[in-house]
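Here the structure is laid out as structure tokens; the discussion comes afterwards.
The values are calculated or read from the model by the stated rules, or taken from the named source; none is laboratory data. All values derive from a computational prediction rather than experimental measurement. In this analysis, Cβ positions are derived from the backbone assuming ideal geometry, glycine residues included, and neighbour counts consider all displayed protein chains.
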Amino acid sequence: MIAGTMAAGAAYVINIVISRFTPRYSVTLAAPFIEEFLKTYIAISIGTDVVLSHTVFGVAEGIYDYFNAGKKVNARSAALSVVTHGIFGYITLKLSTSAGIIYAVIMVAFIHSLWNIIMMGGKNIAD
């Protein structure tokens, strides 16, 4: 649980900074790479479960989404955060056995980026 919480806190701060420099692409492109790196490498470096780290991160993001998203999407967004981040963790773990951890993180970051683009309806990516 510590890894996911640490990753969520670090990602929150880094994503705020990044969004000031790349507001158009921060959620769809920059954040997924930052988040996947943090969730995975913090877990590995302290010797905890990668999938649990991703899932706990999703819980933290879900809580944030619940209180900050619009009223129509807050519960759905919160639930999807938990589920999708858990899935991202599972995919990272499975891919790491065949492709190695670096490639697994990169591949899952691309999947995460695509997910964010879909969830945002293509906003901030192709104007």
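So which pairs qualify, if the first residue must be in segment 50-71 and at positive phi and free of Cβ contacts under 8 Å to residues at least 40 places away in the same chain, the second must be part of a helix (DSSP H, G or I) and surrounded by fewer than 20 Cβ atoms within 10 Å (Cβ to Cβ), the Cβ gap must be under 6 Å, and the two must be at least 6 apart or on different chains?
Listed pairs, sorted by first residue: none to list.
Looking at Lys71, Lys94, which one is at pLDDT below 95 and of a type in the set (D, E, K, R)?
When all the criteria are applied, what remains is Lys71.
Could you count how many residues in segment 19-29 are under 13 Å from Trp115 (Cα atoms) and either among the hydrophobic types (A, V, I, L, M, F, W, C) or surrounded by fewer than 18 Cβ atoms within 10 Å (Cβ to Cβ) (or both)?
Selection size over segment 19-29: 2.
Out of segment 93-110, which residues are surrounded by 18 or more Cβ atoms within 10 Å (Cβ to Cβ) and either β-branched (Val, Ile, Thr) or under 19 Å from Tyr25 (Cβ atoms) (or both)?
To start, the set of residues in segment 93-110 that are surrounded by 18 or more Cβ atoms within 10 Å (Cβ to Cβ) comprises 93, 95-96, 104-105, 108-109.
Those that are surrounded by 18 or more Cβ atoms within 10 Å (Cβ to Cβ) and either β-branched (Val, Ile, Thr) or under 19 Å from Tyr25 (Cβ atoms) (or both): Val105, Val108, Ala109.
For segment 35-70, what are the residues that are among the aliphatic types (A, V, I, L, M), closer than 13 Å to Ile101 by Cα and surrounded by fewer than 17 Cβ atoms within 10 Å (Cβ to Cβ)?
Passing the criteria: only Ile44.
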